[in-house]
Amino acid sequence: MAFASSSGGGPMADINVTPLVDVMLVLLIIFMVTAPTLSYPIDINLPQKSTTPPPPTPPKEPIKLRIDASGQVYWNESAQPISALKSMMEVEVQRDPSNQPALEIDTSPDADYGVLAKVLAAAKNADMQKIGFVSN
């Protein structure tokens, strides 16, 4: 009987979902088969494995930069004006950009923050990559 009455109030129509499921499964299979053919390759040049690795480069001696309480900046224990720091850092970076020396900054607890900010700005503008802070 296509129409059944569960509550006795009138006919109730049940939709047969079996053909709908069959059609959806067929469409799913069609999309799964045709989807890989719709994609197209992209040429990529990947790096190739090298049999001779590059020789290891030893790390350079770090640059010790100290700022004392009066605001004086010392580059490897020699006093330098703040205006000369950027050019000195650029020279160090240009020597070997891939193996830069580390910049170790040691500040006095009483040092002015403005001096440290100028030193960090000079290091950033000189493209220094390795910057560290020394704590005593």
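Of the GluC sites (Glu not before Pro) found in the stretch 5-102, the ones in coil according to DSSP and having at most 11 other Cβ atoms within 10 Å of their Cβ are E77. Straight-line reach only, C-alpha to C-alpha below 25 angstrom: list the lysines that K130 could link to, leaving out same-chain residues fewer than 8 apart. By straight Cα distance, K130 reaches K60, K64, K86, K118.
Distance between the 7 Å Cα→Cβ label points at D127 and T51: 3.5 nm. Rounded to the nearest 20, the Cβ-based charge dipole of the stretch 63-134 about its Cα centre (Lys and Arg +1, Asp and Glu -1) stands at 160 debye. Of D43, D68, D127, the sequence from fewest to most neighbouring Cβ atoms within 10 angstrom is D43, D127, D68.
For trypsin sites (Lys or Arg not before Pro), the sites in the stretch 8-70 that DSSP calls loop and that have at most 16 other Cβ atoms within 10 Å are K49, K60. Shown for L65, L116, L27: other C-beta atoms within 10 Å of each C-beta, ranked fewest to most, produce the order L27, L116, L65.
Sorted fewest first by neighbouring Cβ atoms within 10 angstrom, L46, L120 come out as L46, L120.
Here, each number is a calculation from the coordinates, and none is a lab measurement. All of these numbers come straight from a predicted model, not from anything done at the bench. Quick reminder, even Gly has a Cβ in these numbers, built from the backbone with ideal geometry, and neighbours come from all protein chains shown.
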